[in-house]
Amino acid sequence: MRLAELGSVLLAVLGLGLGACNRKDPEQCSQAQQVVQKALTQENFSGAEQWRQYAYKQCDDHAALEALDQSIVRVRGEVEARHRAAEQRKTESRQLLKVFLQWVADNRAAADKASASPSCDPVSEPEKAKSKQRLCSATRAAGSSALLARYFEAEPAIARFSVKLPDVATCEEIGATRALKTWAVGVTSGGTTPRFLCEFPAGPLAGLHATLSQAANADLYVFNPAYLEKEPAFRSILEGP
């Protein structure tokens, strides 16, 4: 039964029962309880409340009615808690995103300054280390989150920055409004989700690219396109197949 039909069905049932309004009907009692549970699975609390009232008119089993009320309270509490958690994730994500994008803007030209204690990958050739032909890492804490940077030591402007966002974000929300590519990636829960490659057309991040997936707790990458020449193994992640 569709929830859109609940109201009309309830009116019809009530109409049939006008002649016996003082009698309990076990069949109608059972139907009312079933429809309440169906409404709860669809988070239709208005429909659930209407059928709860009808159940009270048709049911003699007070324990069943009490269990019905408990179900409504429990599901409503679960939904409200989920909504609060979702709103909290959105708030945390917006705050973290603001800090991250400012960090990238401040350090895009010199990622070696993004941390007080950057570290560089070890190399087997001393001459390569002297010429700074290697990748280095820099990190910064932002509350419980980590802001990460990888850059080419000889040219610190060739860098990629990343952060794990609590909530889903879009290219438009971060200011990278020029869409370049979309492809599908797998998610831990199964299935796939879209991943986007986009570009900042203006502002302090102009010319940089961004890669993000439509999933909570996914990595957001902001990078100089030239970075992929220094770490080609990352190309499939940042630019897709």
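The values are calculated or read from the model by the stated rules, or taken from the named source; none is laboratory data. Not measured: the values here are computed from a predicted model. A quick note on method: Cβ atoms are made from the backbone with ideal geometry, for glycine too, and the neighbour counts reach across all protein chains shown. Quick note on the areas: whole protein, heavy atoms, side chains included, nothing else; ligands and nucleic acids left out. Shrake-Rupley method; radii C 1.70, N 1.55, O 1.52, S 1.80 Å.
Note that segment 92-101 has calculated 3J(HN,Hα) couplings of 4, 5, 4, 5, 5, 4, 4, 5, 5, 5 Hz, one per residue in order, obtained from phi through the Karplus relation 6.51 cos²θ - 1.76 cosθ + 1.60 (θ = phi - 60°); glycine and proline are x.
If we count every other residue with Cβ under 9 angstrom of residue 198's Cβ, Lys/Arg +1 and Asp/Glu -1, where does the sum land?
That works out to 0.
Within the assembled protein chains, the solvent-accessible surface assigned to residue 106 is about 110 Å², based on a 1.4 Å probe. Which distance in Å, rounded to a whole number, links the C-alpha centroids of segment 156-215 and segment 51-70? The two parts, judged by their Cα centres, are 51 Å apart. Within segment 22-83, the trypsin sites (Lys or Arg not before Pro) that combine a DSSP coil assignment with at most 11 other C-beta atoms in a 10 angstrom radius are 23. For residue 120, enumerate residues with amide H under 5 Å from its amide H, sequence gap 5+ or separate chain, H modeled in the peptide plane. Here the answer is 137, since their amide H atoms fall under 5 Å of that of residue 120. The convex hull drawn around the Cα atoms of the chain, when projected onto a plane and averaged over every direction, covers 18.5 nm². Among residues other than residue 114 with Cβ under 11 Å from its Cβ, the summed charge is +2 (Lys and Arg +1, Asp and Glu -1).
Between the Cα long axis of helix 26-41 and the first principal axis of the chain there is an angle of about 10°, rounded to the nearest 10.
The apolar share of the surface of the chain, taken as the fraction of accessible area on carbon and sulfur atoms (1.4 Å probe, ligands and nucleic acids excluded), comes to 52 percent. Computed 3J(HN,Hα) for segment 178-192, one whole-Hz value per residue from the Karplus formula 6.51 cos²θ - 1.76 cosθ + 1.60 where θ = phi - 60°, is 8, 6, 10, 6, 9, 8, 9, 10, x, 10, 5, 7, x, x, 9, glycine and proline marked x.
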